[in-house]
Amino acid sequence: MSRLPDIVVTNARTRGREIVDIAITDGVITAIGSRLETGAKSVVDAGGGLVTPAYVIPHLHLCKVWTLPMMSEEALEAYQGGGMSAAAKAVDLAAVVKSEYDASWIVPNARRAVALAALHGNLHIRAFADVDTKARLEGVKALLAIREEFRGIVEIQVVAFPQDGLLRERGAEDLMRKAMALGADIVGGIPWIEANEEDMRRHVDFCFDLATEHGADVSMLLDDVGDPNMRTLDMMARAVIARGAEGRALAHHCRAMALYPEAYVRELMALLGKARVSVVSNPHTGPLHARVKELLDAGINVCLGQDDISDAYYPLGRNNMLEVAFLASHLLWMTGKSERETLYDMITTRAATAINLERYGLGLGCAANLVILDQGDVTEALRFHAPPRVVISHGRVVDMERLRTLARIAPSE
């Protein structure tokens with residue numbers, strides 16, 4: 001006798017507009033069809049609302065959330081002003097807060113942000129923790145604690161991130177090794193911050209060597225500056241191919257691409273395709289952005305990230321990826337029907353591919369991490385960018401009231 005499912009979601013509308021029931025057993029989708037067996041332990045009526053895989057945040061500086069009040073807005077002005085010509089200065093200005101880094105206050109800030117993420121249906125986060133002689137390993141320790149606290153609700157990949165560089169920040173290489181030994185999941189990098197091309201290449205090589213040692217993926221912030229001569233995306237892609245690491249490196253920002261000559265852009269896109277490098281764009285946090293539509297047309301996987309929440313680089317944000325996609329629809333001028341669907345992909349399936357999630361999706365055998373919306377299609381979901389009515393994580397209905405408490409927001413908000 002076959003076992004009855006733990007949950008059956010009835011009257012679920014798929015993105016293809018079909019109304020189905022979805023059976024979930026032991027945290028896995030075990031059946032999809034019409035009028036499934038309802039002798040389940042729990043029945044959730046979607047009421048014809050859109051049901052999709054949960055959202056994914058492939059880029060979030062989680063150790064920095066809600067630190068803007070700890071500093072002046074000088075760093076924010078430098079990062080967003082003058083065509084990002086002072087982006088490197090902004091990084092140095094933002095580093096001031098790290099002298100005060102302590103897991104005791106980073107943990108509650110991060111807890112609030114992750115609770116907000118789950119409340120908005122984001123159940124997968126690639127979270128960056130600064131690693132340098134000022135931050136030490138405090139951010140890593142805090143995010144590792146949050147990863148364990150939210151295990152079973154939100155899946156967090158902790159990135160050890162040398163925000164202030166490796167060659168220009170003496171001692172950072174040793175701290176990166178220690179961060180990975182502590183249990184960080186991903187090796188982060190930011191080669192463009194180094195003083196010269198030779199140091200940039202050494203930065204890239206160190207990150208890939210460390211990733212190989214730990215069997216880890218690589219996430220690098222690349223060319224996040226208004227300088228058309230900055231080419232560290234090219235540098236990383238070539239390193240991927242040389243090392244046989246295709247599909248295991250994620251490129252973030254790549255804003256200088258907006259200023260590259262057309263002929264070079266075509267060459268770069270061919271290189272990215274060969275290296276199977278995905279790109280995360282955060283167009284809402286800076287005046288420049290990667291050439292998202294052209295990348296998509298070239299067959300490059302592109303997704304969207306939250307990037308920051310109330311820190312030195314962006315004063316707003318609330319880990320609502322529908323909101324991020326809504327903003328991107330305007331900033332990237334992606335308003336056509338197929339483009340709206342692509343935007344939704346960029347916070348779900350494309351983002352999942354970018355961070356190499358396993359068993360992600362809405363199909364048999366996929367992990368049951370789902371959002372149930374009040375809206376019936378992607379356009380309405382983007383229009384209202386409201387929290388899901390129900391979030392299912394690892395086959396269990398998430399306690400939304402508890403999340404509201406952790407996120408410190410009132411039921412009416």
Residues located in segment 252-282, provided they are open to solvent by less than 10 Å² (accessible area, probe 1.4 Å) and assigned to a helix (DSSP H, G or I): 255, 256, 257, 265, 268, 272, 275
Number of positions in segment 337-350 that are touching a helix residue (DSSP H, G or I) at 6+ places or on another chain (Cβ under 9 Å) and either more than 22 Å from residue 124 (Cα to Cα) or in contact (Cβ under 8 Å) with a residue 60 or more places away in the chain (or both): 7
Residue list for segment 365-413, restricted to those being at pLDDT below 95, in contact with a helix residue (DSSP H, G or I) (Cβ under 9 Å, 6 or more places away or on another chain), assigned to a loop (DSSP other than H, G, I, E, B) and open to solvent by 70 Å² or more (accessible area, probe 1.4 Å): 408, 411, 413
Matching entry among 327, 362 (being closer than 30 Å to residue 245 by Cβ, hydrophobic (A, V, I, L, M, F, W, C) and open to solvent by 30 Å² or more (accessible area, probe 1.4 Å)): 362
Residue 73 being open to solvent by 40 Å² or more (accessible area, probe 1.4 Å) and under 16 Å from the mean Cα position of the chain (by Cα): no
Residue that is farthest from the chain's Cα centre (by Cα), among those in segment 254-300 that are over 14 Å from residue 237 (Cα atoms) and of a type in the set (S, T, N, Q): 285
Every residue from segment 131-151 that is more than 22 Å from residue 391 (Cβ to Cβ), open to solvent by 10 Å² or more (accessible area, probe 1.4 Å) and over 18 Å from the mean Cα position of the chain (by Cα): 133, 134, 136, 137, 138, 141, 145
All strands (runs of 3 or more DSSP E) inside segment 1-111 with 3 or more residues being of a type in the set (Val, Ile, Thr): 7-13, 19-25, 28-33
Matching helices (runs of 4 or more DSSP H) fully within segment 152-251 where at least 2 residues are within 23 Å of residue 264 (Cβ to Cβ), modelled with pLDDT of 95 or more and open to solvent by less than 10 Å² (accessible area, probe 1.4 Å): 197-214, 232-243
Per-region count, segment 283-314, residues open to solvent by 10 Å² or more (accessible area, probe 1.4 Å), closer than 19 Å to residue 81 by Cα and not in a helix (DSSP H, G or I): 7
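Let's see how each residue does on (1) charged (D, E, K, R); (2) free of Cβ contacts under 8 Å to residues at least 12 places away in the same chain; (3) under 24 Å from residue 122 (Cβ atoms):
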| residue | (1), (2), (3) |
| --- | --- |
| 16 | no, yes, yes |
| 22 | no, no, yes |
| 31 | no, no, no |
| 45 | yes, no, yes |
| 54 | no, no, yes |
| 65 | no, no, yes |
Residue 317 surrounded by fewer than 16 Cβ atoms within 10 Å (Cβ to Cβ) and either within 21 Å of residue 110 (Cβ to Cβ) or modelled with pLDDT of 95 or more (or both): no
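The values are calculated or read from the model by the stated rules, or taken from the named source; none is laboratory data. Just so you know, these numbers come straight off a predicted model, no measurement behind them. When we count neighbours, we look across all protein chains shown, and the Cβ atoms used for this are built from the backbone with ideal geometry, even at glycine. In case anyone asks, the SASA skips ligands and DNA or RNA and just uses the protein heavy atoms, side chains included. Shrake-Rupley method; radii C 1.70, N 1.55, O 1.52, S 1.80 Å.
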